[in-house]
Every structure is written in C-alpha cells, then in structure tokens.
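A short worksheet on the structure shown next.
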Amino acid sequence: MQDKLYAAIDLGGTKIYAVLAENGGRILSSVRYDTQADEGPEAILEQMATSVREVLAQAGAGPDRLSAVGVCLAGFFDWQRRFLIQSPNIHGLEQFRVEERLSQKLRVPVLAENDANAAALGEALCGAAQGSQDVLYLTVSTGIGAGLVLGGQIYRGTRGFAGEAGHMVVKPDGFLCGCGRHGCLETVSSGTAIARMANEALQSGKAALLRELARQQGGMVSAATVFRAARDGDETAQEIISEAIYYLGIALVNLVNVLNPEIVVIGGGVSAAGEELFVPLEKAIQNYAVPPAAASVTLRQATLGVEAGVRGMLCLLAEAENGRDG
Ligand SMILES: [Zn+2]
C-alpha cells in the first residue's frame, strides 16, 4: 500500500500557500497564489480546494492518497466552537466554518488553526527553536501576531485567541487600529506602521534621502525602504525605525516577564532587517526584563520563512492522526 499524504494550506490576506507532504513531513510539492481576498467565502474555498488538487497533481498522486488537510489562517479562530469569528484581511469570512466546508469539498478531514499558532509550532518543532519547550513566536510584517508554544504545546487560551500580541496597547492615545481600538503595538511597530510614519514625514517635506529612495521605487515606501534610508544616514528614517523598535521592545520585555520563554523567535518581513532589529531588541530585554528571565532567554530570527505555518499544520495533522490511531 502506498503511503498516506497530507496537505497543508496557509491562507493569508495576500497569498495562499499549499504543500503536499508524506507522513514523515517530507514536502513533495507546493503552490502559491494571490488570495482572492475580496471575492467572498465561496471563492476562497474553491481556491483552497484547487490548491490541494494542484499539489496532488504535481506530485502525480491520486486524490485517494490524501489522508487529511490542515489549514492555518489569519484571524480569530474559535478553537472550541470550530469556526472563524472573523479575519482582518479577508472579507466575508465571518462565522466561517472552514473545516466543515473544505472537508465537504475534498472529502477528507480538515483541521484549522490560527496562522501564528501554527507558525510558532513549526518553528518550535523544526525551525529556529527546535528542541525548545517554551517558545514565544512573534511575526512582524503587515500586522503583528504571536504564537505561544508552552510545555511543547500550542497555548490557545480559553477559546483560541491567546497570542494577540499585535493588539497589546502600548500607546493608549495612539493611532486607530484595525481591531477597532487605539494604540495597539501593530499601529506603531508593524511594517504598515513604519511605512505610514514614513509617508507622513515625506508629506511634511522631511527625509530627503528617503524621498530619493522612494522616487527610485516609483513612489512606493515600504518598511524595507525606511530601514535602508536609516542605514544610509537619513535622520528622519532613523527616528521612525527607533520609535517602532522602542515599542516593540516594550512589548517584548513584558511578554518575556510574563512567560519566561526559553527562546523568542521573530519572523515576518520586518525581521529581514536583521541586526538593526535584533541588536536593539536584545538590549531592551537585557535592560528592562527582570534579570533572571532576561538571562535565560535567547532571541532568534525565524528560519522557516513562508513554510512555518504549513510545517506547524503538518505536525498538528500527525498529532491528530496518532490520537486517532491510539
Ligand atoms: Zn488592535
């Protein structure tokens, strides 16, 4: 008999990434599409089903070999009642029963999870934090999310909403957040926030070097552009970056004090800034976290990139399978 195969999908606001893997976790094929984020739940479901059919076809495997599918997605997934309450970047997924609906289409069991939780498990089991039991994973990109692996297991809280570190309030009189509250970490330290602050500076006539870099890129300012301008000596860009990292540092110190993790893994697009992000964050932990917790934590850059979420889902599927067997 041929081995069972598993598919895992990472449904993000901009990209959908799907892989097919063997029982032991070896990835056989993968696809990546732009998410049809404005087309509604039926289009999203069809896109997910198509991605699974395509990874099967790429690997030359018939649908009968597919054993189960894991989906991780951005948003508030109610882990007890098994539905997505809402997703911040994909419209129309309110009260969305992704497991039930995708399972009807593909005729195999489907398991869903919040994307940061899945990525945290992926990094803890086969990425930057391999071998660690207590891991805090932070992703800093368009938004900011976190996943907690405590005692080797995902910590979800009572209903599945633990780890919403992007919505820790660090500046109560601050900018309006997508969640409806003011001054969340995401509004000051995410890639979106860095780009917003840069655009504000450009409109007020500051940041000559940043302006030149933006012009070379067709007027677009991303967080990466701001990091580059800061590196090249643009003082306004440096101020923006240090403000973003200052608040991220405060949030991180508070999380380290509360959780006493062994490893903090930082992923997401902004983590590509490398030392310019990691050195000041390390300093913040050493200067402000309680000394014994500061002394026992290691800060690391994520290593799995876009694969973190699907890796975590493959581990959860294997765990669920063992549970069924046992
Ligand atoms: Zn918020």
Item to complete: Considering only Val108, Val258, Val306, give the residue with the highest GNM mean-square fluctuation for the chain, with springs between Cα atoms whenever their separation is below 10 Å.
Response: Val258
Item to complete: With springs connecting C-alpha atoms under 10 Å apart, model the chain as a Gaussian network and identify which of Gly127, Gly183, Gly147 has the largest mean-square fluctuation.
Response: Gly183
Fill in: Angle between the chain longest axis and helix 308-325 axis [Cα atoms, degrees, rounded to 10]
30 degrees
Worksheet item: How compact and how long is the chain, expressed as Rg and Dmax of its alpha-carbon atoms in Å?
Response: 20.3, 68
Worksheet item: For segment 208-284, with only Lys/Arg (+1) and Asp/Glu (-1) charged at the beta-carbon, what is the dipole magnitude about the Cα centre, in debye rounded to 20?
Response: 200 debye
Item to complete: Calculate how large, on average over all directions, the projected area of the Cα convex hull of segment 130-303 is; give the answer in nm² to one decimal.
Response: 10.7 nm²
Response to the item:
Flagged as over-length at 25 Å C-alpha distance, from Lys15/Lys206; Lys15/Lys283; Lys4/Lys105, the pairs are Lys15/Lys206; Lys15/Lys283
Item to complete: Rounded to the nearest 10 degrees, what's the angle between the helix 275-288 long axis and the longest principal axis of the chain, both from Cα atoms, 0 to 90?
Response: 80 degrees
Fill in: Crossing angle, helix 115-126 versus the chain [Cα axis fit, 0-90 degrees, rounded to tens]
80 degrees
Worksheet item: For segment 182-208, list residues with backbone N below 16 Å from a point placed 7 Å from the Cα of Ser242 toward its Cβ?
Response: 207
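So how much slack lies between Arg181 and Gln203, counting 0.36 nm per residue of separation and subtracting their Cα-Cα distance, in nm?
On the way: separation 22, 0.36 × 22 = 7.92 nm, distance 2.57 nm.
This chain segment gains 5.3 nm when fully extended.
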Practice prompt. Take every DSSP beta bridge whose two residues both sit in the chain, then give the antiparallel share in percent to the nearest 5.
Written response: 55 percent
Discussion item. Which of Cys177, Cys72, Cys315 ends up with the largest GNM mean-square fluctuation for the chain, with Cα atoms connected below 10 Å?
Written reply: Cys177
Practice prompt. Just subtract the alpha-carbon distance of Thr303 and Glu100 from 0.36 nm times their residue separation and send over the number in nm, one decimal.
Written response: 69.9 nm
Worksheet item: Given the Cα-Cα distance of Asp173 and Arg26 and 0.36 nm per residue of separation, how much length would full extension add, in nm?
Response: 48.1 nm
Worksheet item: In debye, nearest 20: dipole of the chain around its Cα centre with unit charges on the Cβ of K, R (+) and D, E (-)?
Response: 240 debye
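Coordinate-derived values only; no laboratory data. Note that the structure is a prediction, hence the values are computed from the model and not measured. Methodologically, a virtual Cβ is constructed for each residue, glycine included, from the backbone with ideal geometry; neighbour enumeration extends over all protein chains shown.
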